[in-house]
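Here's the structure we're looking at; comments come further down.
Nothing in this text is a laboratory measurement; each read-out follows from the coordinates by a stated rule. All values reported here derive from a predicted model rather than from experimental measurement. Reconstructed Cβ throughout: ideal geometry from the backbone, glycine too, with neighbour counts over all protein chains shown.
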Amino acid sequence: MLSHIVNLVNDYQVVHGARPNVVYMNETHYGYLREELPGVRDHDNLVAILGVDIALSDEAIRPQVATVRFASENILVS
């Protein structure tokens with residue numbers, strides 16, 4: 001999951017000329033991502049590693065990245 005998200009971020013940056021700031025995923029994706037990084041216990045640390053905020057959505061069939069304008073706070077509070 002981590003490599004998939006990194007690839008999505010990199011591909012988005014190449015196509016759009018800017019880095020995305022959010023990744024949309026469902027709870028299952030988030031669980032897999034957390035399993036891949038067992039040493040990362042805090043959500044904020046996970047966001048820092050990814051370099052993008054995380055928005056959880058039951059409608060996200062697969063992870064997607066985007067650039068959205070929000071306050072400087074993380075979108076997800078866990």
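Worth a mention:
- Cα extents for the chain along the principal axes, largest to smallest and rounded to whole angstrom: 32, 26, 25.
- Sequence-separation-based contact order of segment 2-66, relative, with Cα cut under 8 Å and 6+ spacing, percent: 49 percent
- Sites Glu36 and His16 - FRET efficiency at Förster radius 30 Å, r taken between beta-carbons, to 0.05: 0.70
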